[in-house]
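**Q** For reference, the structure I am asking about is given below.
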Amino acid sequence: MTMTFSYQGSAARIVFGRGTSAEVGKWVETLGCRRVLVLSTPHQAGDAEALSQRLGALSAGVFTDATMHTPVEVSERAVARADALQADCVVSLGGGSTTGLGKAMALRTDIAQIVVPTTYAGSEVTPILGQTENGVKATLRSPKVLPEVVIYDPDLTLGLPVGMSVTSGLNAIAHAAEGLYAPDRNPITTMMAIEGMRALRQALPAIVGNPGDATAREKALYGAWLCGTVLGQITMSLHHKLCHTLGGSFDTPHAETHSIMLAHTIGFNAEAVPEAMAPVGEIFGGTPGQALYDFAQSIGAPMALKDLGLSEADLDRAADIATKNPYWNPRSVERASIRSLLQNAWAGHRPPY
Ligand code: NAD
């Protein structure tokens, strides 16, 4: 077998381990920064305040209005606040929404970013930013939005509710699964995808059994890092296109949508590229789509789009939008097959593949 590939590693510093969030100040200083703005959602404002207190003189303040889908209006307010406080660094404490805010600020100002992730979304290691303006979400890729330092402290995920742990973990698995057939995959992304899926396969059931299992939390966050890194390096296909369509046009929640769609999209594509997708079947046990469906069900994931408030009538429009400007995909994307895939996902049926 011949091998031809192009690989670019990320320049970001990854710090991983229990208790490492205590080192945020050290990393601020290593970056040569002096005035930090701590970012969070309103829900995690207390944690952001506590981090700001711990940073002492290095903290210039907190901004706790991070919002799902990165509205441009919020990003502009955050930039104005950073300017007013003469901040030279943001510390984004939270999930993909908070990370998105820090990235949107870096896009506009090049401000240094340290991310302390508390979910498994993976945005902290991708050059991807989705922003919303006037109700329309647009996604861009730019090296400018890549954080300088990511501090993965599994202790910060001990309180991530089980339901969110499950959906966020499946969201991470989706990044890795699409990485296995991406046209720009390489041996490193494939290795990371397999290792990341394996880690989450082991960790998520353990977390469901005991959310305070520190070893399982560590493994899940390790898997999330790997899966996110894969997403940052490859071209996304049908799975992410359908999730972006559903989230963007029908406002379905991000991680739940990924969780439900995963088995259907990966199963559909695996029929066209069985060799590339064999690791999914091996890790989850069965044919890729059915194995992922059974796994999601076994850990109590949401299984049907109809439970996210999507009506059956929405499926026609979703199929139209998703097939109008499709992303590259290993299997041809035709409206009829996508409509039938969506029907299965809407009803929560086990995929036929
Ligand atoms: P989120 O960041 O929106 O978090 C959901 C809620 O959970 C928030 O209120 C948050 O404060 C809270 N939360 C987070 N961690 C917690 C914890 N440990 N304990 C208790 N509560 C906690 O959710 P998400 O799924 O991480 O991120 C979704 C967003 O990220 C979407 O907008 C999505 O588009 C984006 N995203 C972007 C990329 C990318 O590469 N650009 C990748 C994945 C996701």
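The values are calculated or read from the model by the stated rules, or taken from the named source; none is laboratory data. What you see is a predicted model, and the numbers here were worked out from it, not measured in a lab. Reconstructed Cβ throughout: ideal geometry from the backbone, glycine too, with neighbour counts over all protein chains shown. In case anyone asks, the SASA skips ligands and DNA or RNA and just uses the protein heavy atoms, side chains included. Shrake-Rupley method; radii C 1.70, N 1.55, O 1.52, S 1.80 Å.
**Q** Restricting the range 161-196 to residues that are open to solvent by less than 50 Å² (accessible area, probe 1.4 Å) and touching a Ser or Thr at 6+ places or on another chain (Cβ under 6 Å), which is nearest to the ligand (Cβ to nearest atom)?
**A** Looking at the filtered set, the residue picked out is SER168.
**Q** Residue check, MET1 against (1) at pLDDT 95 or above; (2) more than 20 Å from the chain's Cα centre (by Cα), all met but one. Which one?
**A** Of the numbered conditions (1) at pLDDT 95 or above; (2) more than 20 Å from the chain's Cα centre (by Cα), the odd one out for MET1 is (1).
**Q** May I ask you to verify whether ALA106 is at pLDDT 95 or above, more than 29 Å from ASN269 (Cβ to Cβ) and in a helix (DSSP H, G or I)?
**A** Yes; evaluated as a whole, the condition is true for this residue.
**Q** Same structure, new question: From ALA263, ALA220, ALA224, ALA216, which residue is away from the ligand (no atom under 14 Å from the Cβ) and in contact (Cβ under 8 Å) with a residue 24 or more places away in the chain?
**A** After ruling out the rest, the residue left standing is ALA263.
**Q** Quick one: LEU221 ticks every box in (1) open to solvent by less than 10 Å² (accessible area, probe 1.4 Å); (2) closer than 30 Å to ILE321 by Cβ; (3) touching a Pro at 6+ places or on another chain (Cβ under 8 Å) except a single one, so which number is it?
**A** Status for LEU221: all satisfied but (2).
**Q** Name the pairs whose Cβ atoms lie under 7 Å apart, with the first residue in the range 37-62 and assigned by TED's automatic domain parsing to the domain that holds SER75, the second open to solvent by 30 Å² or more (accessible area, probe 1.4 Å) and more than 13 Å from the ligand (Cβ to nearest atom), and 6 or more positions between them or separate chains?
**A** Here the result reads LEU37/ARG81; LEU37/LEU85; LEU58/ARG34; ALA60/ARG35; ALA60/LEU85; ALA60/GLN86; GLY61/LEU85; VAL62/GLU49, each pair linking the range 37-62 to a residue that is open to solvent by 30 Å² or more (accessible area, probe 1.4 Å) and more than 13 Å from the ligand (Cβ to nearest atom).
**Q** Every residue in the range 111-159 that is part of a strand (DSSP E or B), open to solvent by less than 20 Å² (accessible area, probe 1.4 Å) and farther than 18 Å from TRP27 by Cβ, please.
**A** The answer is LEU129, GLY130.
**Q** Quick one: SER337 ticks every box in (1) assigned to a helix (DSSP H, G or I); (2) under 15 Å from LEU262 (Cα atoms) except a single one, so which number is it?
**A** (2)
**Q** In addition: Considering each residue of the range 55-96, count those that are acidic (Asp, Glu) and over 27 Å from the mean Cα position of the chain (by Cα), and give that number.
**A** Total meeting the criteria: 1.
**Q** Just to be sure before I move on: is GLY232 outside the structural domain of GLY100 (by TED's automatic domain parsing) and either part of a helix (DSSP H, G or I) or surrounded by 18 or more Cβ atoms within 10 Å (Cβ to Cβ) (or both) in the structure I sent?
**A** Yes, satisfied.
**Q** Being surrounded by fewer than 23 Cβ atoms within 10 Å (Cβ to Cβ) and either closer than 28 Å to GLY9 by Cβ or not hydrophobic (A, V, I, L, M, F, W, C) (or both) is the filter here; which residues of the range 197-211 pass it?
**A** Scanning the range 197-211 gives ARG198, ARG201, GLN202, PRO205, GLY209, ASN210, PRO211.
**Q** So which residues in the range 78-110 are more than 13 Å from the ligand (Cβ to nearest atom) and under 28 Å from LEU160 (Cα atoms), if there are any at all?
**A** ALA78, CYS89, VAL90, VAL91, MET105
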